[in-house]
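To start, the structure itself, in structure tokens.
Bear in mind these aren't lab numbers, they're just calculated from the coordinates by the rules spelled out. Computed from a prediction, not measured in an experiment: that's the story for all the values here. Counting neighbours? That spans all protein chains shown, and the Cβs are built from the backbone with ideal geometry, glycine included.
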Amino acid sequence: MAGTPQSPAAREAQQGAAPQRPGFVPKRPLVALGYMLAAVFIALSQSLGQGFLTANIRQLAGELGATVSDTSWLMVAFIAPRASLPLMLIKIRTQYGLRRFAEVSIAIYVAVALLSLWTADLHSAMVVELLSGISAAPLSTLAFLYMLEPFPPAKKLQIGLPLALTFISLGTPLARAISPLLLQDGSWFNILMLKLGMAMICLFLVFRLPLAATERMKVIRGMDLLSFALIAGAFGGLVACFTTGYTYWWTAAPWMGVVLAASLAGLVLALVIELQRGEPLLDVRWLMTPEMLHLTAALLVFRIILSEQAAGAPGLFQTLGYAPAQVAPLFWVISAATILGGAVCCLVLKPQRVPQIHMVALAMIALGAWMDAHSAPDVAPAQMMLSQAMIGFAAALFLPPAMAGGLVTALQRGPKYLLSFVILFLSTQILGGTIGSGLFRTFVAARITAHGEMMAGHMAAGDPLVAQQISALAAGYAAQIADPVQRQAEAVSALAQTVTRQATVAAYNDVFALTAALALGALAVLVLHVLRNLLRDRMAPAAPAAE
């Protein structure tokens with residue numbers, strides 16, 4: 001996957017290439033802790049926003065008086081700008097200054113959080129979520145910058161980067177863990193107040209703890225706006241289709257094919273324009289090198305595999321009728337495992353260990369998904385705690401080494417390559433997560449239908465075993481229902497519910513098994529890649545000794 005063994009000279013170059021600012025001055029312990037606290041609040045503010053929306057889409061649909069299908073467009077409005085805005089935000093930050101970028105970004109985020117308190121219907125909620133996505137887009141970058149700020153150059157990639165990524169990814173499981181506590185009275189207003197409170201804390205910390213000033217450069221060009229518009233439209237179309245595709249169903253909504261085709265055409269056109277420019281928004285030629293294609297594929301595959309945790313266990317228990325409060329302990333465990341994985345990554349992360357770290361992460365994901373693939377029809381959240389904790393731990397262990405390797409490669413080439421890499425990383429994570437969740441839910445729906453039809457075929461009228469089961473169920477209703485016809489109807493309904501439950505669990509087992517297979521496949525590719533490089537190094541002629 002993303003990591004490969006390298007020569008000692010390359011390792012020394014990597015270890016010395018951590019991002020650093022001239023004249024780094026160590027901060028007092030309390031000040032350094034303040035910067036880290038600011039990074040945690042900023043990271044959780046933006047990740048909890050999406051997490052709350054994903055976890056409570058049905059609750060929000062009822063509060064807005066809309067269908068779940070219509071309410072799912074709120075996810076599109078929130079995610080689409082977050083997928084594309086990093087392209088322009090990094091240039092905006094470079095041209096107008098880091099400190100102004102931080103202060104304006106967080107002030108806009110607070111204003112939108114305050115505006116959300118007046119959401120009254122689906123249309124106003126759509127506008128607010130679009131503004132929320134736009135205002136939340138800079139927060140991931142700010143979280144990175146604040147977490148890296150207090151660390152010396154040698155520790156920025158080893159400690160700062162894993163901590164920042166850990167808290168950015170923590171929002172999804174943590175939102176599901178705390179949502180039942182916030183929605184005890186059934187009001188979405190409590191979540192909005194929490195988001196506003198966290199935003200105001202972030203505002204205070206950003207103005208109280210300013211980032212070090214950086215040199216400003218005029219980097220925005222007119223053609224940047226055209227390329228950005230094309231890429232933003234393409235990303236928005238992809239997010240819309242993969243977020244709502246399984247809801248409207250792909251073949252039943254003709255507009256979906258048109259949007260997908262237009263999105264791909266816009267993306268290709270943007271790439272053609274960028275290839276012709278002397279100072280492109282994206283360095284497409286560098287991004288298309290074998291090394292960067294390898295890293296892109298690794299990040300995309302890993303994010304798609306991890307969609308199992310975002311859409312798998314939550315979807316299964318929601319379909320089986322478990323209340324959010326019953327599932328919350330599972331997500332507390334996942335949240336704790338994510339934090340533990342980030343802490344372990346800080347201890348073990350070194351450039352030469354990246355392949356081994358990725359092997360361990362992929363093996364843990366494969367094992368956790370394989371354990372889930374053997375779930376019984378009476379599966380409960382407590383039975384998945386170990387397997388899902390392993391996957392959460394592995395996720396926190398995998399991403400920092402992948403990003404650190406890419407950052408080192410970009411920094412060795414120059415600042416403009418850093419811009420292209422950051423865009424690549426953020427886009428693969430947001431788009432990969434959206435595409436993976438959409439494909440995951442689509443596959444689940446297809447397998448539920450297939451298993452249901454197969455089980456229904458075995459329940460043909462007149463089948464003695466089916467008749468025996470119905471009779472046994474009807475006998476169980478004898479004490480409550482006197483009418484034999486009604487007892488028979490209740491027995492048939494109960495049997496149908498049992499079949500639906502079995503079909504649902506069987507479908508999720510299929511998807512968990514597919515996830516395990518993908519993780520094992522990625523692990524096999526990584527092992528073969530490492531063995532090939534080792535063999536190549538051994539067969540390479542020895543360098544002549546210096547005289």
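For the reader, a short list of remarks on this structure follows.
- Among the residues of segment 73-85, those that are crowded, with 21+ Cβ neighbours inside 10 Å and not polar (S, T, N, Q) comprise Leu74, Met75, Val76, Ala77, Phe78, Ile79, Ala80, Pro81, Arg82, Ala83, Leu85.
- Residue match in segment 375-382 (condition: more than 29 Å from Phe425 (Cα to Cα), in a helix (DSSP H, G or I), in contact (Cβ under 8 Å) with a residue 40 or more places away in the chain and not charged (D, E, K, R)): yes
Here's the yes/no breakdown for (1) more than 30 Å from Ile57 (Cβ to Cβ); (2) crowded, with 23+ Cβ neighbours inside 10 Å; (3) in contact with a Pro (Cβ under 6 Å, 6 or more places away or on another chain); (4) acidic (Asp, Glu):
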{"position": "Val301", "(1), (2), (3), (4)": "no, no, no, no"}
{"position": "Glu308", "(1), (2), (3), (4)": "no, yes, no, yes"}
{"position": "Gln318", "(1), (2), (3), (4)": "no, no, no, no"}
{"position": "Ala325", "(1), (2), (3), (4)": "no, no, yes, no"}
{"position": "Leu330", "(1), (2), (3), (4)": "no, yes, yes, no"}
{"position": "Thr338", "(1), (2), (3), (4)": "no, yes, no, no"}
{"position": "Leu347", "(1), (2), (3), (4)": "yes, no, no, no"}
{"position": "Arg353", "(1), (2), (3), (4)": "yes, no, no, no"}
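- The set of residues in segment 178-237 that are closer than 30 Å to Ala261 by Cβ, surrounded by fewer than 16 Cβ atoms within 10 Å (Cβ to Cβ) and of a type in the set (D, E, K, R) contains only Arg221.
- Residue count, segment 95-130 (criterion: of a type in the set (Phe, Trp, Tyr) and surrounded by fewer than 17 Cβ atoms within 10 Å (Cβ to Cβ)): 2
- Filtered residues of segment 271-287 (kept if over 21 Å from Ala232 (Cβ atoms) and among the hydrophobic types (A, V, I, L, M, F, W, C)): Trp286
Okay, residues lined up against (1) assigned to a helix (DSSP H, G or I); (2) under 19 Å from Pro86 (Cβ atoms); (3) out of contact with any strand residue (DSSP E or B) (no Cβ under 9 Å at 6 or more places or on another chain); (4) of a type in the set (S, T, N, Q):
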{"position": "Ser169", "(1), (2), (3), (4)": "yes, yes, yes, yes"}
{"position": "Pro173", "(1), (2), (3), (4)": "yes, no, yes, no"}
{"position": "Leu192", "(1), (2), (3), (4)": "yes, no, yes, no"}
{"position": "Gly197", "(1), (2), (3), (4)": "yes, no, yes, no"}
{"position": "Met217", "(1), (2), (3), (4)": "no, yes, yes, no"}
{"position": "Ile220", "(1), (2), (3), (4)": "no, yes, yes, no"}
{"position": "Phe228", "(1), (2), (3), (4)": "yes, yes, yes, no"}
{"position": "Gly237", "(1), (2), (3), (4)": "yes, yes, yes, no"}
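- In the set (1) surrounded by fewer than 16 Cβ atoms within 10 Å (Cβ to Cβ); (2) in contact (Cβ under 8 Å) with a residue 60 or more places away in the chain; (3) among the β-branched types (Val, Ile, Thr), the condition left unmet by Val272 is number (2).
- Among the criteria (1) crowded, with 17+ Cβ neighbours inside 10 Å; (2) not in a helix (DSSP H, G or I), the one Gly133 does not fulfil is (2).
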